[in-house]
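Some notes on the structure that comes next.
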Amino acid sequence: MIQCNRFKKEVMKMNNNPIQWYPGHMQKAKVQIQDSLKMVDLVIELKDARIPKSSTNPLLEGIIGQKPRLIILNKKDMADDARSEEWLKYYEKANTKSLAIDSAHQNIQGLIIKEIKEMLKAKLEKAKARGIRKKVLRVMVVGIPNVGKSTFINAIVKKRVAKSENRPGVTKSLQWIKIHEDVELLDTPGVLWPKFESRDVAVKLALIGSINDKVVDKKELVFYALRHLSAHYPDKLKSRYDVSANDLSDEELVDLIAKNMNFIKKSGLSDEEKTYDFILADIRNNRLSNVTWEFLDEQDA
Ligand code: G4P
């Protein structure tokens, strides 16, 4: 509990020091996505299951408006299942359909097509009542860079389509790919930058490797990660690094991990840089396995 409170205080401290990132472009991206949206019946919004809120551009909700939206918590294989369940329940409560999936390894085509048809059932029936026998449903994918849009589209289309350009907007001429007899998918997703409303958001995005390490200092990232792990996943700290964080400062904890992993410089001192890199690589390669970095109960969501 003490660890939890300390962690929350640190987050509040960070929130007072937001980072400005990707200025401009947003308006252009917004207009481009809005143009594409006019042509679709449903939007599939990808979020990273490890940081569902921070991997969302808060403008997106306004851009999508009343259009039906399916939220995908992608990379669920890297997140904590219990936490993903909480997020799914939260979206469900807000009347937004959501699924947690692993686009990289799971066969998702049938599941997604079924969901799209279910969500647009009323639209299909309305078209039928009007005498339109062959109504084609059109969908598009949106999300911030690296959230897995290309992987998701490839998995649905069941072939390799071009890698999405990580530039805001919809970056290629529009092409529709048939994914079912009456469902078509826009082959290029809409890209919105994440919005760094607070330093906390930037730290979480950097932690999962979604943005460049230059944006947030490595040491700050690692301290943040260790505090989160000691507050919520102490067993993982113990099994991977053989440490318990109780009553240790951030520096002492890193020092202990360096010693336990035998990252010692010729001088006999702990190699902190090597330790930071090692911990960050562990996080990004899921070697700590299934950690969620953003919990619903810490959010004002
Ligand atoms: P983007 O179009 O939104 O920018 O993202 P992209 O599909 O390129 O995915 C970014 C990285 O995330 C890729 O890894 C991809 O393999 C991985 N990824 C996407 N979805 C999932 C998922 O559900 N689970 C897991 N574990 N990984 C996922 P990469 O290392 O950048 O490239 P690659 O060499 O693996 O393709």
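Here, each number is a calculation from the coordinates, and none is a lab measurement. Remember, predicted model here, so these are calculated numbers, not experimental data. Methodologically, a virtual Cβ is constructed for each residue, glycine included, from the backbone with ideal geometry; neighbour enumeration extends over all protein chains shown.
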Segment 170-250: which trypsin sites (Lys or Arg not before Pro) are DSSP loop and have at most 15 other beta-carbon atoms within 10 angstrom? Lys172, Lys214
Which order do the peptides 104-117, 37-50, 73-86 come out in when sorted by mean C-beta neighbours inside 10 angstrom, highest first? 37-50, 73-86, 104-117
Largest first and in whole Å, give the semi-axes of the chain's equivalent ellipsoid, each being the square root of 5 times a Cα gyration tensor eigenvalue. 40, 19, 18
Here the net charge surrounding Ile113, from other residues whose Cβ is less than 12 Å away from its Cβ (Lys, Arg +1; Asp, Glu -1), is -1
Taking square-rooted eigenvalues a ≥ b ≥ c of the alpha carbon gyration tensor, is segment 23-187 rounded, prolate or oblate, where a/c under 1.5 means rounded and, failing that, a/b exceeding b/c means prolate? rounded
Output ³J(HN,Hα) for segment 111-122: one whole-Hz value per residue in order, computed from phi by the Karplus curve 6.51 cos²θ - 1.76 cosθ + 1.60 with θ = phi - 60°, and x for Gly and Pro. 4, 6, 4, 4, 5, 4, 5, 5, 5, 9, 3, 4
Find how much the distance from Asn107 to Lys123 grows on full extension, using 0.36 nm per residue of separation minus their present alpha carbon separation; answer in nm with one decimal. 3.1 nm
Taking H placed 1.01 Å from N in the peptide plane, check which residues at least 5 places from Leu70 or on another chain put their amide H under 5 Å from its amide H. Val43, Ile44, Glu45
Helix-derived mean residue ellipticity, 222 nm - over the chain, DSSP H n ≥ 4, -39500 (n - 2.57), to 500: -13000 deg cm²/dmol
Spelling out what I want: for every residue of segment 209-222, take phi, set θ = phi - 60°, compute 6.51 cos²θ - 1.76 cosθ + 1.60 (Karplus), and round to whole Hz; glycine and proline get x. x, 7, 10, 4, 4, 5, 5, 10, 4, 4, 4, 4, 4, 5
Excluding residues fewer than 8 places away in the same chain, name every one of the lysines whose C-alpha is closer than 16 Å to that of Lys159. Lys149, Lys178
Using label points projected 7 Å from each Cα along Cα→Cβ, tell me how many nm separate Val31 and Glu181, to one decimal. 4.2
Evaluate E = 1/(1 + (r/R0)^6) for Asp247 and Phe295, where r is the Cβ-Cβ distance and R0 equals 35 Å; express this FRET efficiency to the nearest 0.05. 0.90
Pairs to check: Lys38/Lys214; Lys30/Lys67; Lys97/Lys219; Lys76/Lys135. Give those whose C-alpha atoms are more than 26 Å from each other in this structure. Lys38/Lys214; Lys97/Lys219; Lys76/Lys135
